[in-house]
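Colleague: Sharing a structure with you now.
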Amino acid sequence: MKLINKSQKLDDVCYDIRGPVLQSALALESQGEAILKLNIGNPAPFGFEAPDSILDYVAKHLHDAEGYSHSKGIIQARSAILSQAMNQGFDNINLEDILLGNGVSELIVSTTQALLNNGDEILVPSPDYPLWTAAANLAGGKAVHYLCDEAQDWAPDIEDIKSKITTKTKAIVIINPNNPTGAVYPIEILQQIADLAEKHALVVFADEIYDKILYDDAQHIPMGTLIKNTLCITFNGLSKAYRLAGFRAGWAILSGNKTSAKSYIEGINMLLSMRLCANVPAQLAIEPALTGKQCIDDLRLPQGRLHAQREIGYSLLTQIEGISCVKPKGGIYLFPKLDLKRYPIKNDEQLIHDLLMQEKILLVQGSAFNLSDHQHFRLVFLPEKSQLMHAISKLAHFLHNYTF
Ligand code: PLP
């Protein structure tokens, strides 16, 4: 029998958030087991519904979405994104600099494909949102991981970044607010990264999809407002703050020095043209989302549901013996650390797999986020309080009885 193998281009591509442990969870589900899935940041299944005003608008205008749009997307959506960016302090941008995609995910893949030659390096945080590493490697490039320091609230380690810039480095990825750590970076750190990127003419990929999900006194500074002398591409979308992950609506903003990046931008536009356009009904949702009431504030502020779930999740996890956690300042994830003296973990994927089998709870192991130690895991704090409390008490029970 002649076997049909996957392309070798996929040899270095790994996306364990939806990897083998999820396959085991799906197998359990097909046997009738109920699994509590705390593995991906998908707000809608946990009762975080999108505002009706957005859905009503899309439903009313569906007839306008029957044809392909411009490959960069519909004007109304791009104008709304442009105005918001200008209000945030982006300068020297216009409609041509706004590109719509089928989620940020598609744009991450297109912008890395268009940039990287075989062997080119791109600096990616560790831990990262692993699509960045996967997309860079799929494009033939090499993801080089820079450290984020847990002892410094998971801030990027500037000295480590400096030590990893080589003649092959083409770009740097900043995820802020960060998935999985929940860090929101201070301006001093962002400015140092901006200075380094400008000095070495690196493209800055700023993944800011959680920019509106902030807690306490956290302030988000868009990277695009700091970069002048090199190209910055800012990514955002409707999946998180507007709870519309299923719509697959995302965008990229090109800012900074676009003249030196003319050829690269042509390459991006070519790839976007090849896929004709992003899903047009989903593009319709962007303008009402950005110009309507920002209901995410009701959820993230102290009286809100997300805020309360972060509090309870953080407090219960850190009460478990041998678990510590940097309290997230943004996003929807907790990224706790297990003390290796108390829990001598050899294989964190196995641990998360065993938790699934015994307690029917699905988490993601830290190594899936390109972190070299094996003592972290990510938990999505989207379930309402009682479900979250139940899940964490089961986790505590599991850890207490687990034979390492
Ligand atoms: N970037 C980060 C940091 C994310 O956490 C996610 C999804 O979890 C994405 C991008 C993907 O976003 P989208 O749903 O717009 O493809």
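The values are calculated or read from the model by the stated rules, or taken from the named source; none is laboratory data. Only a predicted model underlies this, so the values are computations on that prediction, with no experimental measurement involved. All Cβ positions, glycine included, derive from the backbone under ideal geometry; neighbour counts span all protein chains shown. Note: areas computed on protein heavy atoms with side chains; ligands, DNA, RNA excluded. Shrake-Rupley method; radii C 1.70, N 1.55, O 1.52, S 1.80 Å.
Colleague: Which residues, counting only those in the range 87-115, are assigned to a loop (DSSP other than H, G, I, E, B) and either within 16 Å of the ligand (Cβ to nearest atom) or surrounded by fewer than 19 Cβ atoms within 10 Å (Cβ to Cβ) (or both)? Spell out the reasoning first.
Modeller: Of the range 87-115, the ones assigned to a loop (DSSP other than H, G, I, E, B) are 89-94.
If the condition is that a residue be assigned to a loop (DSSP other than H, G, I, E, B) and either within 16 Å of the ligand (Cβ to nearest atom) or surrounded by fewer than 19 Cβ atoms within 10 Å (Cβ to Cβ) (or both), then Gly89, Asp91, Asn92, Asn94 are the ones that fit.
Colleague: Something else now. Mind listing whichever residues of the range 116-144 are closer than 20 Å to Val364 by Cβ, open to solvent by 20 Å² or more (accessible area, probe 1.4 Å), within 16 Å of the ligand (Cβ to nearest atom) and not hydroxyl-bearing (Ser, Thr, Tyr)?
Modeller: If the condition is that a residue be closer than 20 Å to Val364 by Cβ, open to solvent by 20 Å² or more (accessible area, probe 1.4 Å), within 16 Å of the ligand (Cβ to nearest atom) and not hydroxyl-bearing (Ser, Thr, Tyr), then Leu131 is the only one that fits.
Colleague: So, in the range 201-221, how many residues would count as being under 23 Å from Lys327 (Cβ atoms) and in a loop (DSSP other than H, G, I, E, B)? Lay out the reasoning, then the answer.
Modeller: First, the residues of the range 201-221 that are under 23 Å from Lys327 (Cβ atoms): 207-221.
Checking which are in a loop (DSSP other than H, G, I, E, B) leaves us with 208-213, 215-221.
Final tally of qualifying residues: 13.
Colleague: Follow-up. Show the residue pairs meeting these rules: Cβ distance below 7 Å; 6+ apart or different chains; first residue within the range 1-29 and without any contact (Cβ under 8 Å) to a residue 60 or more places away in the chain; second residue of a type in the set (A, V, I, L, M, F, W, C) and surrounded by 11 or more Cβ atoms within 10 Å (Cβ to Cβ).
Modeller: That search, which allows pairs on different chains as well, returns Glu29/Ile35.
Colleague: Filter the range 222-233 down to residues that are part of a loop (DSSP other than H, G, I, E, B) and among the β-branched types (Val, Ile, Thr) and give me whichever is surrounded by the fewest Cβ atoms within 10 Å (Cβ to Cβ). Steps first, please.
Modeller: As a first pass, look at the range 222-233 and keep what is part of a loop (DSSP other than H, G, I, E, B): 222, 226-230.
Filter again for among the β-branched types (Val, Ile, Thr), leaving 227, 230.
Values: Ile227: 26, Thr230: 21.
By that ranking, first place goes to Thr230.
Colleague: What's the total number of residues in the range 167-184 that are within 16 Å of Asn236 (Cβ to Cβ) and assigned to a loop (DSSP other than H, G, I, E, B)? Talk me through it step by step, then tell me what you get.
Modeller: Within the range 167-184, the first condition is being within 16 Å of Asn236 (Cβ to Cβ), and the residues that meet it are 173-179, 184.
If we keep only those that are assigned to a loop (DSSP other than H, G, I, E, B) too, we end up with 176-179, 184.
Within the range 167-184, residues that are within 16 Å of Asn236 (Cβ to Cβ) and assigned to a loop (DSSP other than H, G, I, E, B) number 5.
Colleague: Here are the criteria: (1) in contact with a strand residue (DSSP E or B) (Cβ under 9 Å, 6 or more places away or on another chain); (2) under 22 Å from Met270 (Cα atoms). Tell me which single one Asn94 does not satisfy.
Modeller: (1)
Residue-by-condition table, conditions (1) of a type in the set (A, V, I, L, M, F, W, C); (2) within 23 Å of the chain's Cα centre (by Cα); (3) more than 23 Å from Lys37 (Cβ to Cβ):
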| site | (1), (2), (3) |
| --- | --- |
| Leu299 | yes, yes, no |
| Leu306 | yes, yes, no |
| Gln309 | no, yes, no |
| Val326 | yes, yes, yes |
| Gly331 | no, yes, no |
| Leu334 | yes, yes, no |
| Ile345 | yes, no, no |
| Ile352 | yes, yes, no |
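Colleague: Determine whether Leu371 is open to solvent by less than 30 Å² (accessible area, probe 1.4 Å), of a type in the set (A, V, I, L, M, F, W, C) and in contact with a Ser or Thr (Cβ under 7 Å, 6 or more places away or on another chain). It would help to see each step written out before you state the result.
Modeller: Working: open to solvent by less than 30 Å² (accessible area, probe 1.4 Å): yes; of a type in the set (A, V, I, L, M, F, W, C): yes; in contact with a Ser or Thr (Cβ under 7 Å, 6 or more places away or on another chain): yes.
The answer is yes for Leu371.
Colleague: In the range 234-288, which residues are of a type in the set (A, V, I, L, M), in a loop (DSSP other than H, G, I, E, B), under 21 Å from the mean Cα position of the chain (by Cα) and more than 10 Å from the ligand (Cβ to nearest atom)?
Modeller: Ala241, Ala278, Ala285
Colleague: Only residues that are more than 16 Å from the ligand (Cβ to nearest atom), open to solvent by 40 Å² or more (accessible area, probe 1.4 Å) and not charged (D, E, K, R): list them for the range 27-60, please. Walk me through it before giving the result.
Modeller: The initial filter retains those residues of the range 27-60 that are more than 16 Å from the ligand (Cβ to nearest atom), namely 27-36, 47, 49, 51-53, 55-60.
Of the ones still in play, those that are also open to solvent by 40 Å² or more (accessible area, probe 1.4 Å) are 27, 29-34, 47, 49, 52-53, 55-57, 59-60.
Ala27, Ser30, Gln31, Gly32, Ala34, Gly47, Ser53, Leu55, Tyr57, Ala59 - these are the residues of the range 27-60 that are more than 16 Å from the ligand (Cβ to nearest atom), open to solvent by 40 Å² or more (accessible area, probe 1.4 Å) and not charged (D, E, K, R).
Colleague: Please determine, by comparing only the residues of the range 61-86 that are open to solvent by less than 80 Å² (accessible area, probe 1.4 Å) and part of a loop (DSSP other than H, G, I, E, B), which one is farthest from Arg378 (Cα to Cα).
Modeller: Within the range 61-86, the first condition is being open to solvent by less than 80 Å² (accessible area, probe 1.4 Å), and the residues that meet it are 61, 65, 67, 69, 71-74, 77-85.
Filter again for part of a loop (DSSP other than H, G, I, E, B), leaving 61, 67, 69, 71-74.
Details: His61: 39, Gly67: 40, Ser69: 38, Ser71: 36, Lys72: 34, Gly73: 34, Ile74: 36 Å.
Among residues in the range 61-86 that are open to solvent by less than 80 Å² (accessible area, probe 1.4 Å) and part of a loop (DSSP other than H, G, I, E, B), the one farthest from Arg378 (Cα to Cα) is Gly67.
Colleague: Also, quick follow-up: In the range 8-39, which residues are part of a loop (DSSP other than H, G, I, E, B) and at pLDDT 90 or above?
Modeller: As a first pass, look at the range 8-39 and keep what is part of a loop (DSSP other than H, G, I, E, B): 11-15, 19, 31-35, 38-39.
Answer for the range 8-39, where residues must be part of a loop (DSSP other than H, G, I, E, B) and at pLDDT 90 or above: Gln31, Gly32, Glu33, Ala34, Ile35, Leu38, Asn39.
Colleague: Identify, by number, the condition in (1) open to solvent by 10 Å² or more (accessible area, probe 1.4 Å); (2) more than 11 Å from the ligand (Cβ to nearest atom); (3) closer than 20 Å to Leu123 by Cβ; (4) touching a residue at least 24 places away in the same chain (Cβ under 8 Å) that Ile209 doesn't meet.
Modeller: (2)
Colleague: On the basis of being more than 30 Å from Gly67 (Cα to Cα), more than 11 Å from the ligand (Cβ to nearest atom) and without any contact (Cβ under 8 Å) to a residue 24 or more places away in the chain, does Lys199 make the cut? Before the answer, list the steps.
Modeller: Details: more than 30 Å from Gly67 (Cα to Cα): yes; more than 11 Å from the ligand (Cβ to nearest atom): yes; without any contact (Cβ under 8 Å) to a residue 24 or more places away in the chain: yes.
Here the answer is yes, as Lys199 does meet what is asked.
Colleague: Out of all the residues in the range 374-389, which are open to solvent by 50 Å² or more (accessible area, probe 1.4 Å) and either closer than 13 Å to Ala25 by Cβ or in contact (Cβ under 8 Å) with a residue 60 or more places away in the chain (or both)?
Modeller: Glu384, Lys385, Gln387, Met389 - these are the residues of the range 374-389 that are open to solvent by 50 Å² or more (accessible area, probe 1.4 Å) and either closer than 13 Å to Ala25 by Cβ or in contact (Cβ under 8 Å) with a residue 60 or more places away in the chain (or both).
Colleague: Please pick out the residue among Val58, Val124, Val144 that is of a type in the set (A, V, I, L, M) and assigned to a helix (DSSP H, G or I).
Modeller: Values: Val124 fails: assigned to a helix (DSSP H, G or I); Val144 fails: assigned to a helix (DSSP H, G or I).
After ruling out the rest, the residue left standing is Val58.
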